[in-house]
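K.L.:
Before I ask anything, let me first share the structure, which is written out below as structure tokens.
The values are calculated or read from the model by the stated rules, or taken from the named source; none is laboratory data. Because the structure is predicted, anything quoted here is derived from the model rather than measured. Note that each Cβ is placed from the backbone with ideal geometry, even for glycine, and that neighbours are counted across all protein chains shown. Surface accessibility is based on the protein's heavy atoms, side chains included, excluding ligands, DNA and RNA. Shrake-Rupley method; radii C 1.70, N 1.55, O 1.52, S 1.80 Å.
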Amino acid sequence: MRPMSQRQIVHIDMDAFYASVEQRDDPNLRGKPVVVAWLGNRSVVCAASYEARKFGIRSAMPAVTAERQCPSAVFIPPNFTKYRAVSHQVHEIFKRYTDLIEPLSLDEAYLDVTGIRDGSMTGVEVAAAIRAEILEETSLTASAGIAPNKFLSKIASDWKKPDGLFEIRPEDIDTFLFPLPLGKLPGVGKVTEEKLGRHNLNSVGDVRALSLPRLEELFGQYGRRLFELARGVDDSPVVPDRPTKSISAEDTFQIDLLLHETRPTVIRLSERVWESAAKETRIAKTVVLKLKTSDFKIITRSFTPGVAISSSEELTQIALSLLDRVELGAETRFRLVGVGVGNLVDPDRVVLQPSLFD
Ligand SMILES: [Mg+2]
């Protein structure tokens, strides 16, 4: 029997989401290595189909590397308007079961399903029902992880991917965690993993052998987090709404520049901001340009178009047009430029261009 205080967290993660949507909508792409990426030298892979992953192609890899590793791959530019619509559909399914939904991105969310329907459904039953409804209503597969906390549920959803479901029960936590490589823990990236390795710490079990003071001595503040994670402890709540307020990027120049000389940077920053903004579940309505003069005066200009911004080019054009609204002497030099988007709203609260519903 599960104690009442035991939480039931479900992590749902759509399988190769953007690539799967493209394969669903174009039968010619099915069974083929599909890479969703913008064109261009600096572009990175947004998503790769499972066929493409067999060639070692991964998200965030430079698109040129992906092309080299699999010349036969089909490259598709991302259509975030479409992905956001599917994401919305999936969220509507979640809402049938719980209001405690914390989206991590367009294709991933934590759901707290503790005691829903008066405890008549277990976490596994909820996850199975959600997966079935997603498949039925979107023709896409999702993987689910069920566990007593967020961190374990996320590891669990990855365990049987794709199209999988896996539960880590409270009594199985130790058996499951002990052999796990430390790189699987949240916050352990390449650098931390190497550092841990230098202390002969390779698996969660290795960390379990160390005391809290020793871990704090070695890893500072993160030592306590490691101590807890190694014991499967994660009390962080599922936070239903964590709206992003704004997304921005800025650059300080090596030498101060004239206004027109900042244009290439404005273009590059706009592209970078678009890449982040497009992945949000909400749509940004306002574009903000920020400049800092050589005497540290900060100038901002903003614009909110009547219809939602739908491409990197549009965002760039707006940011560049905001440059024209900076009316300072022609000799004024600038030490910093920033581009941002703000005023993020739910998709049903903005006007989309009709042509985007292709
Ligand atoms: Mg996913």
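K.L.:
Using a 1.4 angstrom probe, figure out how much accessible area region 82-154 has per residue, in square angstrom, rounded to the nearest whole.
P.N.:
38 Å²
K.L.:
Highest first, please rank the peptides 226-234, 283-291 by the mean number of other Cβ atoms sitting within 10 Å of their residues.
P.N.:
The densest-packed peptide leads the list: 283-291, 226-234.
K.L.:
Another one. Take Glu313 and Leu39, extend 7 Å from each Cα along the Cα→Cβ direction, and tell me the distance between the two endpoints in nm.
P.N.:
Between Glu313 and Leu39, the simple spin-label model gives 1.0 nm.
K.L.:
Based on C-alpha coordinates, I'd like the Rg and Dmax of the chain, in Å.
P.N.:
Radius of gyration, then largest Cα-Cα span, for the chain: 23.2, 75 Å.
K.L.:
Something else: What full-extension length gain, to one decimal in nm, is calculated for Val191 and Arg30 as 0.36 nm per residue of separation minus the Cα-Cα distance?
P.N.:
Here the answer is 54.2 nm.
K.L.:
Give the calculated FRET efficiency between Thr175 and Ala128 to the nearest 0.05, with a Förster radius of 22 Å applied to their Cβ-Cβ distance.
P.N.:
That gives a FRET efficiency of 0.45.
K.L.:
Nearest 10 degrees, 0 to 90: what angle lies between the long axis of helix 123-138 and the longest principal axis of the chain (Cα atoms)?
P.N.:
So the inclination is approximately 40 degrees.
K.L.:
Now for a separate question. Gain in length, Asp256 to Gln6, computed as 0.36 nm per residue apart minus the alpha-carbon separation, to one decimal in nm?
P.N.:
Taking 0.36 nm per residue and subtracting the Cα distance, the gain is 84.3 nm.
K.L.:
Take every Cα pair under 8 Å in region 178-229 that's 6+ residues apart, average their separations, divide by the length, and report that relative contact order as a whole percent.
P.N.:
32 percent
K.L.:
Here is a follow-up. Helix 150-159 against the longest principal axis of the chain: what's the angle in degrees, Cα atoms only, rounded to the nearest 10?
P.N.:
The helix 150-159 is inclined about 80 degrees to the chain.
K.L.:
Would you kindly state how much longer the chain becomes between Ala60 and Arg96 on full extension, computed as 0.36 nm times their sequence separation minus their alpha carbon distance, in nm to one decimal?
P.N.:
9.7 nm
K.L.:
Could you give the Stokes-Einstein D for region 99-198 in µm² per second, using the C-alpha Kirkwood radius, 20 °C, 1.002 mPa s?
P.N.:
144 µm²/s
K.L.:
Moving on. May I ask you to give the percent of accessible area on the chain that is carbon plus sulfur, with a probe radius of 1.4 Å?
P.N.:
The C+S portion of the solvent-accessible surface of the chain is 51 percent.
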